[in-house]
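The values are calculated or read from the model by the stated rules, or taken from the named source; none is laboratory data. As the structure is a prediction and not an experimental result, all values here were calculated from the model. As a convention, Cβ positions derive from the backbone with ideal geometry for all residues, glycine included, and neighbour counts pool all protein chains shown.
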Amino acid sequence: MHWELSEEQEMFAASLREWIAAKFPTETVRKLQTSGEANLFTEALIRDGWWGVGYSEDADGQGGGILELALAAREFGRAAVPDSRWLAAALVAPLLTETELAEQLAGQRRFVAAIPADRLPAWAPLSETEDGLTGAVRHVLGAPEADVFIVPVTGPDGPGLARVSAAEATVERDDLLDRSRLTGTVEFDRAQIIEVVAASDTSLSATVALAGVLTAADALGSAERMLELAVEYSKQRKQFGQFIGSFQAVKHAAAQMLVTVEASYSTALYAAAAIDADLADASTIAAVAKAQVTGTVADLAESALTVHGAIGYTWEHDLHLFYKRAKLDRTLFGPPRVWNERIAAALLDEPIPAG
């Protein structure tokens, strides 16, 4: 089944794509990745009104829901823009109070969930003590850009979400192959806790589901662009006096890439719609999207690289931007294996395994 968007959703996606093409063409994205000035993209999102799309107007957002966030993630993946702060903001949103969410949507404070980007859908909370918070969380998405960390903790009153100023933490930035993302190891050494809010199973589950859906949508966008690049190149490159697009092996590769894109489109967007509709099995559907879409798109990246040959490895060609992004999407917040374990546990009605 092919997922159909409403006319308004199609217009939103098309408008965002046009805005990105005008403001952040590939050459600009390359410069941002080289200079490390990722915040320029975030500032443009806030300034031009895209930052609040996907959030309720009651929270000072601009309306829409998870499907709109997924459509935005898809466009960001298509353009390989540096969207770590945007994605980190989306993931932490279910963990924030109404006041904190309003501050984030206004661009006043940057909240980041201190959860490891390589271990979802489960993570181990830190322990809260009288001396403050001590411990480390590795590979936190958006950590270098945070003002306040939201840290899952266990304390005298049970599970909670601690608010800790980024000034109280030491952040060691990771060196990722995909330069469009920012992660870092966050270390706390008797860090002063601003406050602790009781942790809700619903909010934590929402963050996990969002991680799965938005990463899948990002991978979908990368896949769409890699397919376009592969088809374009197959019409330009010649071997034995013929365009390689006429070769049966290349046709088969392109056809398989198209199948992956079409399947990923419906899978990722249906998962986002399932969360919006509050379906009972929405979290399982999100896990399916993360496992299936990011896994197959990573394979598609290999096919696209094969079609391009040696030029696909070079910095001068655009393919490497999407190839690296697709490979990171596969492992971001856990590889398909751990999400498949989550699916199996849900189907067998067993406890969800630790990450």
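Quick notes on this structure:
- Selection count where residues are closer than 8 Å to Ala143 by Cβ and part of a strand (DSSP E or B), scope segment 164-185: 5
- Selection status of Ala136, touching a Pro at 6+ places or on another chain (Cβ under 9 Å), surrounded by fewer than 21 Cβ atoms within 10 Å (Cβ to Cβ), farther than 30 Å from Arg47 by Cβ and touching a residue at least 24 places away in the same chain (Cβ under 8 Å): no
- Matching residues in segment 11-38 - criterion: being under 18 Å from Glu145 (Cβ atoms), surrounded by 18 or more Cβ atoms within 10 Å (Cβ to Cβ) and more than 18 Å from the chain's Cα centre (by Cα): Phe24, Leu32
- Those residues of segment 34-57 which are farther than 21 Å from Asp178 by Cα and outside any helix (DSSP H, G or I), in sequence order: Asp48, Gly49, Trp50, Trp51, Gly52, Val53, Gly54, Tyr55, Ser56
- Qualifying residue in segment 204-221 (condition: at pLDDT below 95 and assigned to a strand (DSSP E or B)): no
- No other residue among Ile343, Ile311 is in a helix (DSSP H, G or I) and in contact with a His (Cβ under 9 Å, 6 or more places away or on another chain) apart from Ile311.
- Tally, over segment 59-85, of residues that are among the aliphatic types (A, V, I, L, M) and either in a loop (DSSP other than H, G, I, E, B) or within 12 Å of the chain's Cα centre (by Cα) (or both): 7
- Residue check for Val307: buried (at least 23 other Cβ atoms within 10 Å of the Cβ), among the β-branched types (Val, Ile, Thr) and touching an Asp or Glu at 6+ places or on another chain (Cβ under 9 Å): no
- Verdict on Glu68 being surrounded by fewer than 12 Cβ atoms within 10 Å (Cβ to Cβ), within 24 Å of Phe322 (Cα to Cα) and either in contact with a helix residue (DSSP H, G or I) (Cβ under 8 Å, 6 or more places away or on another chain) or modelled with pLDDT of 95 or more (or both): no
- Extreme residue, surrounded by the most Cβ atoms within 10 Å (Cβ to Cβ), among residues of segment 188-237 that are among the aliphatic types (A, V, I, L, M) and farther than 30 Å from Asp299 by Cα: Ala191
- Among all residues of segment 145-154, there is at least one that is over 28 Å from Arg342 (Cβ atoms) and surrounded by fewer than 17 Cβ atoms within 10 Å (Cβ to Cβ).
- So Leu101, is it in a helix (DSSP H, G or I), aliphatic (A, V, I, L, M) and over 16 Å from the mean Cα position of the chain (by Cα): yes
- Selection over segment 39-65 of residues that are more than 22 Å from Phe322 (Cα to Cα) and of a type in the set (Val, Ile, Thr) gives a count of 2.
- Flag if Ala88 is touching a strand residue (DSSP E or B) at 6+ places or on another chain (Cβ under 9 Å) and either part of a helix (DSSP H, G or I) or of a type outside the set (Ser, Thr, Tyr) (or both): yes
- Single match in Val92, Val53, Val81 (criterion: among the aliphatic types (A, V, I, L, M), farther than 28 Å from Leu227 by Cβ and crowded, with 18+ Cβ neighbours inside 10 Å): Val92
- Selected residue (only one of Phe41, Phe76, Phe111 is of a type outside the set (A, V, I, L, M), over 25 Å from Asp276 (Cα atoms) and crowded, with 23+ Cβ neighbours inside 10 Å): Phe41
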